[in-house]
1. Can you pull out the residues in the stretch 24-49 that are surrounded by fewer than 21 Cβ atoms within 10 Å (Cβ to Cβ), in contact with a helix residue (DSSP H, G or I) (Cβ under 8 Å, 6 or more places away or on another chain) and part of a helix (DSSP H, G or I)?
2. Taking the conditions exactly as written (under 19 Å from the mean Cα position of the chain (by Cα), modelled with pLDDT of 95 or more, more than 27 Å from PRO183 (Cα to Cα) and not acidic (Asp, Glu)), does MET23 satisfy them or not?
3. Being touching a helix residue (DSSP H, G or I) at 6+ places or on another chain (Cβ under 7 Å) and surrounded by 15 or more Cβ atoms within 10 Å (Cβ to Cβ) is true for just one of LEU215, LEU229. Which residue is that?
4. Return the residues of the stretch 50-60 that are out of contact with any strand residue (DSSP E or B) (no Cβ under 6 Å at 6 or more places or on another chain) and either among the basic types (Lys, Arg) or surrounded by 22 or more Cβ atoms within 10 Å (Cβ to Cβ) (or both); say none if nothing qualifies.
5. Kindly indicate which of ALA152, ALA115, ALA159, ALA139 is of a type in the set (A, V, I, L, M) and more than 23 Å from SER176 (Cβ to Cβ).
6. What residue, of ILE192, ILE182, is exposed (fewer than 15 other Cβ atoms within 10 Å of the Cβ), hydrophobic (A, V, I, L, M, F, W, C) and closer than 26 Å to THR2 by Cβ?
7. Against the condition part of a helix (DSSP H, G or I), touching a strand residue (DSSP E or B) at 6+ places or on another chain (Cβ under 9 Å) and farther than 23 Å from ASN63 by Cβ, how does VAL178 come out, does it pass?
8. Of the conditions (1) of a type in the set (Asp, Glu); (2) without any contact (Cβ under 8 Å) to a residue 40 or more places away in the chain; (3) part of a helix (DSSP H, G or I), GLU195 satisfies every one except a single condition; which number is it?
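The values are calculated or read from the model by the stated rules, or taken from the named source; none is laboratory data. On a predicted model such as this, the values are computed, not experimentally measured, just so you know. In this analysis, Cβ positions are derived from the backbone assuming ideal geometry, glycine residues included, and neighbour counts consider all displayed protein chains.
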Amino acid sequence: MTRFQQVFGARKPVIAMVHLGAMPGTPLHDSAGGVAAILAAAAADLTALQAAGVDAVMFGNENDRPYELKVDVGSTATMAYVIGRLRDQITVPFGVNVLWDPMATMALAAATGAAFVREIFTGTYASDMGLWAPDAAAARRYGQRLGAGAVATLYNVSAEFAGSLDPRSLPDRARSAVFSSIPDAVLVSGAITGEAAAMRDLEAVKHVLPTTPVLANTGVKHATVADVLAVADGCIVGSALKVGGDTWAAVDPDRAHDFMARVRQARGH
């Protein structure tokens, strides 16, 4: 059994986002509500997502705009505190993603006992944050030293908010990343959070990686999830489950239940 299967089972998993409120010290932080408000909102979203029947949840700091490539330690520490406070309420596998810092992501996984991580580990990009050149070898070795070597790694190979400086095609980059960096799954994204990955990109990457799980990372919606799961080995969803489909809103229990009903139908159960 692969590590991906150990975490998610045999089905095509739906990984739902718990978008944490902006961390202390970031421009959008709610200083009046403080960390207590971040915790309360995360708890409400977690409860709604698990009640809807999602297969896993992932905690991320999408609200920490403008994004950093080397995340302030305060953000990682606050995320660890919030997740730690919620641990007794988590009933599904959970993962973490500290945008856009693989080292911080691995540290957070080790601190919280996360089962999986998502991050940009490979490639070189021209991005809104400047030149983006992560070091997969350093991050994976760091995780190993921290005792997180068994954490499943989900590699986003088509970075949001960025364009690859690599002239190779997306399928070639994905195939190379699997060979050189041994991820447990590959993710295909749209241009920004909430925008869908092109179906042709999903199909092309899956074609060259028939034995590696390939997931849709962004923009999966109620109307498209069946088509996505016909190609992909799972998906990560956030915005579609929120009130009004707004990335920054709270999870809407009705939208989440409807989404998972469509997923069950698409999976044949």
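1. Once the filter is applied, which keeps residues that are surrounded by fewer than 21 Cβ atoms within 10 Å (Cβ to Cβ), in contact with a helix residue (DSSP H, G or I) (Cβ under 8 Å, 6 or more places away or on another chain) and part of a helix (DSSP H, G or I), the stretch 24-49 yields VAL35, LEU39, ALA43, THR47.
2. Working: under 19 Å from the mean Cα position of the chain (by Cα): yes; modelled with pLDDT of 95 or more: yes; more than 27 Å from PRO183 (Cα to Cα): yes; not acidic (Asp, Glu): yes.
Spelling it out, MET23 is indeed under 19 Å from the mean Cα position of the chain (by Cα), modelled with pLDDT of 95 or more, more than 27 Å from PRO183 (Cα to Cα) and not acidic (Asp, Glu).
3. Numbers: LEU215 fails: touching a helix residue (DSSP H, G or I) at 6+ places or on another chain (Cβ under 7 Å).
Step by step, each of LEU215, LEU229 is checked, and only LEU229 is touching a helix residue (DSSP H, G or I) at 6+ places or on another chain (Cβ under 7 Å) and surrounded by 15 or more Cβ atoms within 10 Å (Cβ to Cβ).
4. As a first pass, look at the stretch 50-60 and keep what is out of contact with any strand residue (DSSP E or B) (no Cβ under 6 Å at 6 or more places or on another chain): 50-53.
Selection gives ALA52 alone.
5. ALA115
6. Working: ILE192 fails: closer than 26 Å to THR2 by Cβ.
Checking each option against the conditions leaves just ILE182.
7. On the way: part of a helix (DSSP H, G or I): yes; touching a strand residue (DSSP E or B) at 6+ places or on another chain (Cβ under 9 Å): yes; farther than 23 Å from ASN63 by Cβ: yes.
The answer is yes for VAL178.
8. (3)
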